[in-house]
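**Q** After the C-alpha cells below, expect a handful of questions from me.
Laboratory data are not the source of any read-out in this text; all were calculated from the coordinates shown. Quantities reported herein were computed from a predicted structural model and do not represent experimental measurements. Every residue, glycine as well, gets a Cβ built from its backbone with ideal geometry; the counts of neighbours run over all protein chains shown.
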Amino acid sequence: MAKTLTELNEGDSLGVTQWVKIDQPMINAFADATGDHQWIHVDEARCATQSPFKMPIAHGLLSTSLMPKVFYELISLDSTKQTLLNYGMDTLRFLEPVRVNDRIRYHVALEAKEQKQSGVLYRFNCQVEIDGREKPAMVGKFLMLLVS
C-alpha cells in the first residue's frame, strides 16, 4: 500500500516503481512534443551504422518527464484535499543512455521536507534503473510542494 506524503519521514524509501518500456513510438512522440528530432533519437537506420549504441537512444529528459507519472505509483494523495505541485529539480545527471526498448524504473527516497508558507516542500532522491544494466540512467533530486 502506498504511503501518504504526510506519513513520510526523512530517509524513508518510497520503494520502486513498475517497469516502463521506452519504445520508439514513445521516443518519437517526445521528439515531436519537444521539437528535438536529433538523429540519435529518431533515425533508426542512421543509428544502426553511425551511433556508438547501434540503435536510437531516448532523450535524457524523457526519463525525467516520466517522474511525476510514476511517482503516483508510490504515494497516495487525496486530490479532494491536497494538491501536489512539481517544484523543480536541484540536481540532475544522465549517467547511462536509455536505448530503444529498454525498461526503466524509478527508485525514490525522501531526503528532506521543509515547511514553506505555501505548503510542505519535499526533496526526493531519485534514481532511474535500466533493466539488466548496473549503471543508472539518471540520478537527481526532485522537489514537490504539497499544498493542503
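**Q** Suppose we keep only residues that are exposed (fewer than 14 other Cβ atoms within 10 Å of the Cβ) and of a type outside the set (G, A, S) within segment 54-84. Which one would you say is farthest from F124 (Cα to Cα)? Step through it out loud before you land on a result.
**A** Looking only at segment 54-84, we keep the residues that are exposed (fewer than 14 other Cβ atoms within 10 Å of the Cβ), and these are 54, 65, 68-69, 72, 76, 78-81, 83.
In the following step, the residues that additionally are of a type outside the set (G, A, S) were identified as 54, 68-69, 72, 78, 80-81, 83.
Numbers: K54: 34, P68: 12, K69: 15, Y72: 13, D78: 20, T80: 24, K81: 22, T83: 17 Å.
Applying the filter and picking the extreme gives K54.
**Q** Is it fair to say T34 is of a type outside the set (K, R) and either in contact with a Cys (Cβ under 9 Å, 6 or more places away or on another chain) or under 17 Å from H107 (Cβ atoms) (or both)? Working first, answer last.
**A** Details: of a type outside the set (K, R): yes; either in contact with a Cys (Cβ under 9 Å, 6 or more places away or on another chain) or under 17 Å from H107 (Cβ atoms) (or both): no.
No: the conditions fail for T34.
**Q** Continuing with this model, one more query. Residue under question is D32, and the condition is that it be surrounded by fewer than 14 Cβ atoms within 10 Å (Cβ to Cβ), without any contact (Cβ under 8 Å) to a residue 60 or more places away in the chain and more than 14 Å from the chain's Cα centre (by Cα); does it hold? Full working, then the answer.
**A** Values: surrounded by fewer than 14 Cβ atoms within 10 Å (Cβ to Cβ): yes; without any contact (Cβ under 8 Å) to a residue 60 or more places away in the chain: yes; more than 14 Å from the chain's Cα centre (by Cα): yes.
Answer is yes for this residue.
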